Amino acid sequence: MTEGVQTPSAFTKRVFSGIQPTGHLTLGNYLGALKRFSEVQDQDYETIFCIVDQHAITATFQDPAVLARATRELAAGFIASGIDPAKSVLFNQSQVAEHAQLAWIFNCVARMGWMQRMTQWKDKAGKNAQNASLGLFAYPALMAADILVYHATHVPVGEDQKQHVELTRDIATKFNHDYGVDFFPIAEPVIEGAATRVMSLRDGSKKMSKSDPSDMSRINMTDDADTIAAKIRKARTDPDALPSESKGLEERAEARNLVNIYAALSDTSVDDVLAQVGGKQFSEFKPMLAELAVAKLSPISTEMARLMEHPDEIDAILRKGADQARAVAAPILQRTYDIVGMVR
């Protein structure tokens, strides 16, 4: 055991999560991530939220002006959704060099076989793996560094990212074992609940995605009230009335999705929603959902628009957050170097 290294019980309860600045924020991002982030910042955790702009360039070329705007728009989305820079650290990844520096150490800890088993590598590289970037192959090590450079103990993620947190745990375990320390925590994934897993408005079997070619498949957080209402009105459904209990939604993907959205926006359970709307046709339910969605989302889109008119305000928040993040990350990176034996 290396002298002075923390034991697991000594780790501060700290949440870390990040979102890529690629495309517009959707209702799925809000309910599955941003809304949850704003709730956890008032609980018994330190909270660190990151716009992972280095991850954004791993798969495809990003136009610099588009990436810069997307970074600021995502920051505006965080803030408008309730992330308070006075309570949480908010910054973009590229301003804190410790992420990339620790990622190199983890590149040397992780095994090729681990990376080749990653589902997202297989999905994104496909049959063209020889032309995929090295960054795309190695980015799970950078994600591990994003988490562990803050000794984060809890990581809110969607089900599709759980494998990456499991890899982070493997990297932490191997590092600790190789160097005979208990230095890195074994972070816990905090998986989104069913009511916040938002699916496409055009296909209830697919997750709502900002990369879907059909804009009608999603609600963007920048959509105005009329657009939100129109998309809900045109959302795919089935001809049957809504059931009175959740079991009746099991084989009805589109119906289940709209009820889940209503439940998440109203901070209630699916069963409570169905107790209220069971027996109604979608011609009655959709206007209810549209009214609720507009009431909840319009203030966010309005504040996002205001912030985007003041990019200097956004940049100042991100710079301050980066300074706060670096104050946590730098000592952890330097202690990592000491453990590895790098002279400084």
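Any read-out appearing in this document is the output of simple, stated calculations on the displayed coordinates, not a laboratory observation. Given the structure is predicted, the values throughout are model-derived calculations rather than measurements. Positions of Cβ are backbone-derived with ideal geometry, glycine not excepted, and every protein chain shown enters the neighbour counts.
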Segment Ser211-Asp63, extension gain: residue separation times 0.36 nm, minus the distance between their alpha carbons = 51.7 nm
Which trypsin sites (Lys or Arg not before Pro) in segment 247-287 pass both tests, a DSSP loop state and at most 16 other beta-carbon atoms within 10 Å?
-> Lys280
Can you give the helix-only mean residue ellipticity at 222 nm for the chain, where every DSSP H stretch with n ≥ 4 adds -39500 (n - 2.57) and the sum goes over all residues, rounded to the nearest 500 deg cm²/dmol?
-> -15500 deg cm²/dmol
One would report the Cα pair-distance distribution of the chain, bin width 20 Å, in %, as 29, 55, 16, 1
In nanometres, what is the gap between the two model label sites at Asp224 and Glu313, each 7 Å from Cα along Cα-to-Cβ?
-> 2.0 nm
Calculate one ³J(HN,Hα) per residue across segment 137-152 by plugging θ = phi - 60° into the Karplus curve 6.51 cos²θ - 1.76 cosθ + 1.60, and present them in order as whole Hz with x for glycine and proline.
-> 5, 8, 4, x, 5, 5, 5, 4, 5, 3, 7, 7, 5, 10, 6, 5
The chain: most fluctuating residue of Gln20, Gln54, Gln334 per GNM, C-alpha cutoff 10 Å = Gln334
How far, in nm, would the chain grow between Thr12 and Ser298 when pulled straight, counting 0.36 nm per residue and subtracting the alpha carbon separation?
-> 99.3 nm
What residues have an amide H closer than 5 Å to that of Met199, excluding those fewer than 5 places away on the same chain, when H is modeled at 1.01 Å from N in the peptide plane?
-> Met208
From phi via Karplus (6.51, -1.76, 1.60), per-residue ³J(HN,Hα) for segment 236-251 in Hz, x at Gly/Pro = 5, 9, 10, x, 7, 5, 5, x, 9, 8, 5, 4, x, 9, 4, 9
What residues qualify as long-range amide H neighbours of Asp53, i.e. H under 5 Å apart, gap of 5 or more or another chain, H built at 1.01 Å from N?
-> Gln93, Ser94
Enumerate the calculated ³J(HN,Hα) couplings along segment 327-333 in order (Karplus 6.51 cos²θ - 1.76 cosθ + 1.60, θ = phi - 60°), each rounded to whole Hz, writing x wherever the residue is Gly or Pro.
-> 5, 7, 6, 4, x, 5, 5
Amide H to amide H, which residues 5 or more places from Thr26 or on other chains are under 5 Å from it, using H placed in the peptide plane?
-> Met221
